[in-house]
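Participant: Just dropping this structure here.
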Amino acid sequence: MNSITSFETLDKAIRLAGGKPTVLEALWDGDTSGWYLYLNIHVIIKKLFTIKKEVKYLGTISVGGDIRLFNGTVPPWPEAELAKEWGKMANEKYGLMFYFPSDKEPDSDCPGWEQRHLAIQCADCAKMVIPTNSPYLPKEICYGCHLKRKFNDKIKNAEPYDDGINMYMVKNEEYNHIGYSSSFDGLPIAVFIDDIVQARREKGLVDIVTIDEPDISIIKEKIEQAIDEKVAIYKSAEFPPDFPEKFKSNIKRHTVEYNGNKFELIERLNEEHSKIDRLVRALEMVDKAISGNYSFKIFFKNGFTYRDDAVLRFVHFAGNGSSSLASIVQQYTVILTETEVRDTVLKMEKAGCLTLDGEIVQTTDVTKKLL
């Protein structure tokens, strides 16, 4: 894919397309790396006795993967901001129409310039979309607004939401984040520490479980025993007999070392290799904790709701750690009452996640480690 990284590269692509540019369209698409915008130019090509219209692909605008959704850097989507800026410049230079049907957030259901007559207007956000033919989705709104309605219902109804476990390596109040999982079982060393963790959980709104020596040495012994069992039946990294030759170059191999022996592992295609890799990484983490005299701390939520999580994220990300009660009420004015917002803030204050000073709400260090 051709990358559009500046107005200069866009301008060059427009000129290379030939003909007279009439419409520049920006449409969303996505892959395993996340969302991106692709740009097309509609041109009129005049020859001696003919006039022909053509649509030519120019390139894509992509700024980063969808991890941005979790670290507070979107919205707004920077691709959209760049496209609007460059589209305005292209309009001023060429007198063309800049067509961007979803300029606030990604949506691949929006029509292209030549399909816009087939579109309907979303009842919630008013953007133009090709109506769905799915019997399971509403017809009057876009898919993004459908998801928003469902999510807002979870906030309104205060549905349970304890997802999100964070693990840190800690020494002298210095926290190094070493793992996140939506559930405890997803942590690489969960199976080796489950008995310790369950015995120490207090089932408060926020549980912080600490693991020190000598428990970490016991965990190390368990991991080493598991690795010994796996390497005893290790087989070299070979492709399955029917694996397509043309895809082999896309599969990465790497080597791990254990007890002075090296093991070549092949990613994704061999579950036993994946297990060895995870175990060796877990052992490295435990060795670092022992040699550096670190402790492990694991943060759990217990009894949280989507409403609690939404308010915390709004204050932490949108408010950069501080917000007024009025701002929170305004943010959720359609789905929550002022009393519900205040009760949520008080609940999170009790959990140690927020402080309330008059009408000012602030997040705590606990919130930073939970989210």
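Quick note: the coordinates plus some simple rules give every number you see, no bench work behind them. This structure is a prediction, so every number in the text was calculated from the model and none was measured. Because the Cβ atoms are built from the backbone with ideal geometry, glycine has one as well, and the counts that use them run over all protein chains shown.
Participant: Amide H of residue 35: which non-local residues (sequence gap of 5 or more, or other chain) have their own amide H closer than 5 Å, using H built in the peptide plane?
Facilitator: 66
Participant: In a shell of Cβ-Cβ distance under 15 Å around residue 227, excluding residue 227 itself, what net charge do Lys and Arg (+1) and Asp and Glu (-1) give?
Facilitator: Combined, the nearby Lys, Arg, Asp and Glu give -2.
Participant: Moving on to the next point. Out of the range 116-207, which chymotrypsin sites (Phe, Trp or Tyr not before Pro) are coil in DSSP terms and have no more than 10 other C-beta atoms within 10 Å?
Facilitator: 136
Participant: From the square roots a ≥ b ≥ c of the eigenvalues of the alpha-carbon gyration tensor of the range 322-371, which class results: rounded (a/c under 1.5), prolate (a/b over b/c), or oblate?
Facilitator: prolate
Participant: Could you list which residues have their amide H under 5 Å from that of residue 127, counting only those 5 or more apart in sequence or on another chain, with H placed in the peptide plane?
Facilitator: When sequence neighbours closer than 5 places are left aside, the close amide H contacts are 122.
Participant: Mind checking which of 337, 50, 22 has the largest fluctuation in a GNM of the chain, springs on alpha carbons under 10 Å?
Facilitator: Of 337, 50, 22, the most mobile in the Gaussian network model is 50.
Participant: Between rounded, prolate and oblate, where does the chain land on the alpha carbon gyration tensor, with a ≥ b ≥ c its root eigenvalues, rounded for a/c under 1.5, else prolate if a/b exceeds b/c?
Facilitator: oblate
Participant: Given a cut-off of under 8 Å on Cα pairs at least six residues apart, what relative contact order in percent is computed for the range 169-245?
Facilitator: Value for the range 169-245: 16 percent.
Participant: Enumerate the calculated ³J(HN,Hα) couplings along the range 172-178 in order (Karplus 6.51 cos²θ - 1.76 cosθ + 1.60, θ = phi - 60°), each rounded to whole Hz, writing x wherever the residue is Gly or Pro.
Facilitator: 6, 6, 9, 9, 10, 6, 10
Participant: How large is the helix-only mean residue ellipticity at 222 nm for the chain, computed as the sum of -39500 (n - 2.57) over DSSP H runs with n ≥ 4, divided by its residue count, in deg cm²/dmol to the nearest 500?
Facilitator: Value at 222 nm, helices only, nearest 500: -11000 deg cm²/dmol.
Participant: Something else now. Step through the residues of the range 328-337 one at a time and calculate ³J(HN,Hα) from phi using the Karplus curve (6.51 cos²θ - 1.76 cosθ + 1.60, θ = phi - 60°), rounding each to whole Hz and writing x for Gly and Pro.
Facilitator: 5, 4, 5, 4, 10, 4, 7, 10, 10, 7
Participant: Give a residue-ordered list of calculated ³J(HN,Hα) values for the range 238-246 (Karplus: 6.51 cos²θ - 1.76 cosθ + 1.60, θ = phi - 60°; whole Hz; x for Gly, Pro).
Facilitator: 10, 6, x, x, 9, 6, x, 4, 5
Participant: Give the aspartates and glutamates whose C-alpha is closer than 17 Å to that of residue 246, dropping any in the same chain fewer than 8 places away, or say none.
Facilitator: Reachable aspartates and glutamates: 238, 267.
Participant: Can you classify the range 7-118 as rounded, prolate or oblate using the Cα gyration tensor, where a ≥ b ≥ c are the square roots of its eigenvalues, rounded means a/c under 1.5, and otherwise it's prolate if a/b beats b/c and oblate if not?
Facilitator: Prolate, because a/c is 1.5 or more and a/b exceeds b/c.
Participant: Okay, next question. Less than 26 Å apart at the alpha-carbon level, and either on another chain or at least 8 residues along: which lysines does that give for residue 203?
Facilitator: Result set, ordered by chain and number: 154, 156, 171, 297, 301, 347, 350, 368, 369.
Participant: Can I ask one more? Let's see if you can work this out: charge +1 on each Lys and Arg Cβ, -1 on each Asp and Glu Cβ, no other charges. What is the dipole magnitude of the chain about its Cα centre, in debye to the nearest 20?
Facilitator: Roughly 1660 debye for the chain.
Participant: In addition: Let me have the relative contact order for the range 165-299, percent, based on Cα pairs under 8 Å that are six or more residues apart.
Facilitator: The normalised contact order for the range 165-299 reaches 36 percent.
Participant: Where in the range 311-371 are there GluC sites (Glu not before Pro) that are in a DSSP coil and have at most 12 other Cβ atoms within 10 angstrom of their Cβ?
Facilitator: Filter output for the range 311-371: 359.
Participant: Please tell me the relative contact order of the chain in percent, rounded to the nearest whole number, where contacts are Cα pairs under 8 Å and at least six residues apart.
Facilitator: Working: 552 pairs, mean separation 49.0, N = 371.
Relative contact order of the chain: 13 percent.
Participant: Which of the trypsin sites (Lys or Arg not before Pro) found in the range 289-371 are loop residues per DSSP with 10 or fewer other Cβ atoms within 10 Å of their Cβ?
Facilitator: Hits after loop and neighbour filter: nothing returned.
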